[in-house]
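The values are calculated or read from the model by the stated rules, or taken from the named source; none is laboratory data. Predicted model, so just to flag it, every value in this text is computed and none were measured. Cβ placement follows ideal geometry from the backbone for every residue including glycine, while neighbour counts extend to all protein chains displayed.
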Amino acid sequence: MRFATLAFAGIFACAATAALADDPMALTYANTVTSKNMKTGASATLLFNADGTYLTRATGPDGKPLEISGKWVLKDNGATLCLAQQGANPPAESCSPLAVHPIGEHWTVTNSAGDSFDVVVTAGR
C-alpha cells in the first residue's frame, strides 16, 4: 500500500472558472483524476469527495486491482494538496502543488517524494 500512496499522491486538479474560487477541488468531485507515473508507467484513478476523502483505484505490484482510501487537505492557502492514506501503517502524507487545469488537459506534477506524474481530469466517474 505504501507504493500506491507515494506513487499517486502527486495528483491534483481544479478548473479554470471563477465558480471554483472558493473550492479549487470542486471540479474533481463529479469527475475522475487519472495519473501515470512518468518513471514506472503505473497508472491510477482518483475520486475526490467534497468531505475531504478520496479513493484511489490502481493495479498493485502483484497485478491485482486495489483500492486505497484516504483524506485530502489543502495547505498553504490552497497552493498545496496533501493526501494521507488511511489504514494500518500508512506512509507519510504526500503533498503536491495545486494548479488550475480544465477537463481534458494533461499536465505534469511532481510530489513531495520526488515522483513525477502525467495527470488529466476526465468528465464523469
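Details
- Restricting T28, T32 to those that are under 15 Å from V120 (Cα atoms) and at pLDDT below 95 reduces the list to T28.
- Restricting the range 83-120 to residues that are small (G, A, S) and either without any contact (Cβ under 8 Å) to a residue 12 or more places away in the chain or on the phi > 0 side of the Ramachandran plot (or both), the residue that is surrounded by the most Cβ atoms within 10 Å (Cβ to Cβ) is A92.
- Residue among D22, D118 that is more than 14 Å from the chain's Cα centre (by Cα) and among the acidic types (D, E): D22
- Number of residues in the range 20-59 that are out of contact with any Cys (no Cβ under 9 Å at 6 or more places or on another chain) and part of a loop (DSSP other than H, G, I, E, B): the value is 14.
- Tally of residues being of a type in the set (D, E, K, R), in a strand (DSSP E or B) and touching a Cys at 6+ places or on another chain (Cβ under 7 Å) across the range 60-113: 1
- Scanning the range 43-76 for residues that are among the polar types (S, T, N, Q) and at pLDDT below 90 returns a single hit, T59.
- Residues satisfying the stated conditions in the range 88-115, i.e. farther than 21 Å from L74 by Cβ and polar (S, T, N, Q): N89
- Failed item, numbered, when A21 is tested on (1) among the hydrophobic types (A, V, I, L, M, F, W, C); (2) at pLDDT 50 or above; (3) buried (at least 16 other Cβ atoms within 10 Å of the Cβ): (3)
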